[in-house]
Amino acid sequence: MLGVALKGLARRKVRASLTAISIVLGVSMISGTYILTDTINAGFHTIFTGSYQNADVVITGKAAFDSANGTSVEPPTMPQSLLTEVQKLPDVALAAGSVTTSSLKLIGKDGKVISTGGAPALGFSVTPRGQQFNPTKLTTGSWPSGPGQIVIDKATASGKGFHVGDRIGAQAFGPAREFAITGIAELPNVSVGGATFAIFDQPTAQQLFHKVGALDAIRVQSKAGIDTSALLSQIKPLLSDTQVVRSGTEQAKKDEQQAGGFIQIIRYALLAFAGIALFVGAFVIANTLSITIAQRMREFATLRTLGASRRQVMWSVVIEAFVIGVLGSLVGLFLGLVLAKVLNALFVAFGIDLPHGSTVFATRTIVVSLLVGTVVTVLASVRPARRATRVPPIAAVREGSVLPPSRFAKYSTVTALVVLALGIVAVCIGTLAGGMATGPRLLLIGVGVLLLFFGVSMNAPKIVRPLASVIGKPAQAIGGAPGLLARDNATRNPARTASTASALMIGRDHRHEHVHPDRGAGGPVAARQAGGQRRHRHPRR
């Protein structure tokens, strides 16, 4: 049956390719989403690990928790005298303090503030003693050493036409001040997105950021052979309740997690669109295979006549779906590389330029993309495959044969009503219930909408006949015989009409899924029956 399935696919290459497109689109969204967000996460990881390079431990202010909105507020500063105490510890080889801000505005040559498109505008200090902890690298010039000097980032310099020796304005919490550019720097091996940064000597930064006599962080390097835990135990007694000390690795992870929350929101939003695309794809695949089975009724009947079991017939259909799923998933996986770049370009166009480094193509992305695409395709084929097993051998020699009803057909109406009721309940609870978090609320509404869709689709064959009869009357009055034929064909096979209508309900047509005129329910038998009804009703025409 494997050979039969593969030969069948070879004969229907165009239809198989068009069916696979549905999976390609969904899988490419999954792959592209993971590639994009993993690449952005890697960019943040590079930035934060670089920020604490060579630092065995880091002292910062302890962020307070704002219970009013459930978020943490900016950590408090610490007195500069704490740095002096830390430097006196016996196991400390080097300690240096720094001040930072994310509210620094750089002013261009036109006198206007340089826009970052919503990205941070960073400012921080350097000291000659603390250069070992400096994550940036000079590309040209020298570090600032006086009150009127500044180093700016390479992207701002090249984008706004600044060079070493030029003057640029900077403003934080006081009036704007003018500085001479002594150097241009960059963060190695990573793009900072749309963010800008400027570097000052420490006294200048403290004045500009309104943090005179205070520090935001103290980076500490231990002497050779000293364990980090031992250094932590020496520093902790020096700290107040508003200060905390962590290892450099722990501090980098903490900062990375804070930035990662925003990336998770982007990931979940894009994966939601991918889920919708896969849902539509699964529905289209199920409809396409149903139409294919109607066309291949005689083929399946012949296989049954030649000794194929019902299970073998079913597996031949599932194998076809498996091959389509694997090939579609492979194409979608690599198309995700292109889609990730397109999505990043869209973010930039909308003013969201995020840090990134080299493209990250993780093993998880490959496994999830291939697995989801293949499983969705195979699951979508199960119902059509089960229908194929009901083709009797006698259908090989009988024209206009139809499939016998399933033994579960008598429960279809009750099941559809139950699914519809569950969908209504889920949507009502998700919409009206109070005290529910946003995540569970959206999940419940999404599940409810899917159940509503399935409920309507399962009930559609019962609704189609009376609905098509009413809608078809104007068509009959306007179109005459063709209108009557259209009305009769729509009401004769409500399941087929409902299947097509359900596909249109999710925005998909079946123009490429044409049933051959010599086969299936739409063939010459139906046409002759419709013609016979026309002659019976209008014998004088």
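Couple of notes before you dig in:
- Residue that is modelled with pLDDT under 80, of a type in the set (S, T, N, Q) and surrounded by fewer than 21 Cβ atoms within 10 Å (Cβ to Cβ), where the choices are THR288, THR302, THR242: THR302
- Any hit, segment 430-441, residues being at pLDDT below 75, closer than 22 Å to ALA282 by Cα and either among the small types (Gly, Ala, Ser) or not assigned by TED's automatic domain parsing to the domain that holds ARG383 (or both): no
- Scanning segment 165-198 for residues that are surrounded by fewer than 16 Cβ atoms within 10 Å (Cβ to Cβ) and within 13 Å of GLY141 (Cβ to Cβ) yields GLY165, ASP166, ALA180.
- Screening the candidates ILE291, ILE276 for the property of being in contact (Cβ under 8 Å) with a residue 24 or more places away in the chain, on the phi < 0 side of the Ramachandran plot and among the aliphatic types (A, V, I, L, M) yields one hit, ILE291.
- Residues of segment 115-158 that are within 23 Å of GLY194 (Cβ to Cβ), in contact (Cβ under 8 Å) with a residue 60 or more places away in the chain and in contact with a helix residue (DSSP H, G or I) (Cβ under 6 Å, 6 or more places away or on another chain): SER125, PRO135.
- Failed item, numbered, when ALA345 is tested on (1) modelled with pLDDT under 85; (2) part of a helix (DSSP H, G or I); (3) under 20 Å from LEU9 (Cβ atoms): (3)
- Check on PRO237, touching a residue at least 40 places away in the same chain (Cβ under 8 Å) and either assigned by TED's automatic domain parsing to the domain that holds PRO147 or touching a helix residue (DSSP H, G or I) at 6+ places or on another chain (Cβ under 7 Å) (or both): no
The values are calculated or read from the model by the stated rules, or taken from the named source; none is laboratory data. Because the structure is a prediction, the values reported are computed rather than measured. No Cβ is skipped: glycine too gets one built from the backbone with ideal geometry, and neighbour counts run over all protein chains shown.
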